[in-house]
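A.B. asks: Handing you a structure now.
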Amino acid sequence: MAQVDFAVAFIVIFIMISYAVFFVSNTMSKDFNHFNVREIERSADSLSNQLFYTMDNKSLISNFKKMQILFEEVGSYPHTENLVISITPLVDKIHVYNVTMDEIPSSYAGGNISFDMSFSSNQKNYVNIFYIGEATDVSYISDNNITVKILYEEQVDVLSQDKCDALKSLSYDDAKNVFGNENSFRVDNYCIYGEMPPLDANIIINRIPMLVENQDGKLFTGQVTLKVW
């Protein structure tokens, strides 16, 4: 009888020890995984800030200026006008867009940017002019049945193809050293750089909406993806 009691007690103790070992091991595994994910999240936040929110030679961002102008037809008849805006001193990478970011064909020479625009009677058209530089004097020099009002000028961040090319010129190990990042990473959409993440990795994905400059210098709205693991 004593032998049976001992065997039962041994089995109960063995089960309890096994459960305790499993519980501790499982808890430690979850804690380690949580710590690992938090480290990757911090690394992803740091890399996002350096690439997309900090203006220095390491980032992928260039500062553009955006000027919004309101044109209003006051002749009370439909017509097409050639609109000419003088912007001095000379600026760079200047483009004209409507409010839905469709580009309006334009030409820029001698500090004057000109483009055609059609109006219905008393119609208001909003135009966004993007450029790099400092415009100290802006004036409307066309003579027609249009009134013009500059509504605002602001600074906007744009994903730069020049800076993307500079990043691509670095080896992957050099880029990780530049950003002080021990984790692996990959930039996707519009500036593809880095390794492909493994299927079994803890991957933190940041999606950053922004204006993007393509290889032709045109701007459009997009979303850049950063993956860190």
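A.B. asks: Spot the failing condition for THR100; the list is (1) polar (S, T, N, Q); (2) surrounded by fewer than 11 Cβ atoms within 10 Å (Cβ to Cβ); (3) assigned to a strand (DSSP E or B), and only one is missed.
C.D. replies: All conditions are met except number (3).
A.B. asks: OK, next. Do we have LEU151 as assigned to a loop (DSSP other than H, G, I, E, B) and either out of contact with any strand residue (DSSP E or B) (no Cβ under 6 Å at 6 or more places or on another chain) or loosely packed, with under 14 Cβ neighbours inside 10 Å (or both) here?
C.D. replies: no
A.B. asks: For region 186-229, give me each residue that is touching a Ser or Thr at 6+ places or on another chain (Cβ under 6 Å) and part of a loop (DSSP other than H, G, I, E, B).
C.D. replies: If the condition is that a residue be touching a Ser or Thr at 6+ places or on another chain (Cβ under 6 Å) and part of a loop (DSSP other than H, G, I, E, B), then ASN189, GLU195, TRP229 are the ones that fit.
A.B. asks: Further question on the same structure: Would you call SER171 free of Cβ contacts under 8 Å to residues at least 60 places away in the same chain, more than 30 Å from ILE104 (Cβ to Cβ) and either touching a His at 6+ places or on another chain (Cβ under 8 Å) or not aromatic (Phe, Trp, Tyr) (or both)?
C.D. replies: yes
A.B. asks: Shifting gears a bit: Would you point out which residue out of ASN183, ASN128 is in a loop (DSSP other than H, G, I, E, B), surrounded by 13 or more Cβ atoms within 10 Å (Cβ to Cβ) and of a type in the set (S, T, N, Q)?
C.D. replies: Answer to the selection: ASN183.
A.B. asks: From (1) over 32 Å from the mean Cα position of the chain (by Cα); (2) on the phi > 0 side of the Ramachandran plot, pick out the condition that doesn't hold for GLY111.
C.D. replies: Only one criterion in (1) over 32 Å from the mean Cα position of the chain (by Cα); (2) on the phi > 0 side of the Ramachandran plot is unmet by GLY111, namely (1).
A.B. asks: Same structure, new question: Of all residues in region 158-197, which are among the small types (Gly, Ala, Ser) and within 15 Å of the chain's Cα centre (by Cα)?
C.D. replies: SER160
A.B. asks: When residues of region 118-137 are filtered for being more than 24 Å from VAL158 (Cβ to Cβ) and in contact with a strand residue (DSSP E or B) (Cβ under 6 Å, 6 or more places away or on another chain), how many remain?
C.D. replies: Total meeting the criteria: 5.
A.B. asks: Please indicate, with yes or no, whether at least one residue in region 46-63 is of a type in the set (Asp, Glu) and free of Cβ contacts under 8 Å to residues at least 24 places away in the same chain.
C.D. replies: Yes, region 46-63 has at least one match.
A.B. asks: Now, a different point. Kindly indicate the residue of region 69-89 that is part of a strand (DSSP E or B) and closer than 16 Å to GLU153 by Cα and also modelled with the lowest pLDDT among those meeting that condition.
C.D. replies: Result: THR88.
The values are calculated or read from the model by the stated rules, or taken from the named source; none is laboratory data. For clarity, every value in this text was computed on a predicted model and none was experimentally measured. Note: ideal-geometry Cβ built from the backbone for every residue, glycine included; neighbour counts use all protein chains shown.
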